[in-house]
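Novice: So that we are looking at the same thing, I have put the structure below in structure tokens.
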Ligand code: GAR
């Protein structure tokens, strides 16, 4: 059984998609052992509580500096017996220490087809604003392993979503979530729990 810790900052719809997929048996051999938010007001914490999942807020504001905050986060991951760290709308950049400790065991969902509209400054609604500004006809979502860069790790799954002429950043965000993120994030966890994802030469390979 793969022990998954989900890190969140906001609404937690991706967390909900993971919870629902586990309940429906679409994610096998995995369970959420803990949900951690950096933001005490995150609705994701309520979703976790409703699902009976251990949830905690570890906020940088409660620590004298970043090193102490990162240490508390690392301790919380260890205490939960974490095998896989899932970043589901987590708006804090992880330190190298955690990335090293969990190399190949941290995944993130990003609301675009990487390498478009990603990197520093591209998060949340901003990604969709930029996609609309550029006039792309297709966007989507990506689940990837996390390395030391921003959105640069090996890509596990991607799903395309069409952009409509009358889209606003909000309508596009919603469709990318529904049609892409909420599907490929649970799917990626199921594949990893099934031992079907390998990193070879810096690329993630999914085995049939
Ligand atoms: C999601 O769209 C996720 O892809 C994005 O934040 C949103 C969180 O929503 N993440 C990033 O932009 C990371 N760079 P949620 O809290 O409802 O899951």
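Here, each number is a calculation from the coordinates, and none is a lab measurement. Please read these numbers as outputs of a predicted model, since none were measured by experiment. Cβ sites come from the backbone with ideal geometry, for glycine too, and all protein chains shown count toward neighbours.
Novice: For the chain, modelled as a GNM with alpha-carbon contacts under 10 angstrom, which of 54, 75, 190 fluctuates the most?
Specialist: Checking each option, the largest mean-square fluctuation is seen for 75.
Novice: What shape does region 1-122 take by its C-alpha gyration tensor, where a ≥ b ≥ c are the square roots of the eigenvalues and a/c under 1.5 counts as rounded, a/b above b/c as prolate, and the rest as oblate?
Specialist: Judged from the Cα gyration tensor, region 1-122 comes out rounded (a/c under 1.5).
Novice: So what is the relative contact order for the chain, in percent, with contacts set as C-alpha pairs under 8 Å and at least six apart?
Specialist: Worked out over the chain, it gives 21 percent.
Novice: Here's a follow-up. Given points 7 Å out from each Cα along the Cα-Cβ axis, report the residue 200 to residue 137 separation in nanometres with one decimal.
Specialist: My value for the distance between the label points is 3.4 nm.
Novice: Using only C-alpha atoms and all pairs of different ones, pull out the Kirkwood radius for region 50-198 in Å with one decimal.
Specialist: 16.5
Novice: Mind checking which of 154, 111, 64 has the largest fluctuation in a GNM of the chain, springs on alpha carbons under 10 Å?
Specialist: It is 64.
Novice: Quick one: among 20, 147, 167, which has the greatest mean-square fluctuation in a GNM of the chain with alpha-carbon springs under 10 angstrom?
Specialist: 167
Novice: First measure r as the distance between the Cβ atoms of residue 160 and residue 97, then evaluate 1/(1 + (r/R0)^6) with R0 = 30 Å and state the FRET efficiency to the nearest 0.05.
Specialist: After rounding, the FRET efficiency stands at 0.30.
Novice: Taking a spot 7 Å from the Cα of residue 54 along the direction of its beta carbon, which residues of region 77-93 have an amide N less than 16 Å from it?
Specialist: Flagged as within label range: 77-86.
Novice: What share of the DSSP beta bridges in the chain is antiparallel, in percent to the nearest 5?
Specialist: Antiparallel bridges: around 45 percent, rounded to the nearest 5.
Novice: Something else about it: Could you work out the relative contact order of region 19-137, using alpha carbon pairs under 8 angstrom and six or more residues apart, expressed as a whole percent?
Specialist: Computed value for region 19-137: 16 percent relative contact order.
Novice: In what sequence do 177, 185 fall when counting other Cβ within 10 Å, fewest first?
Specialist: Least to most surrounded, the residues fall as 177, 185.
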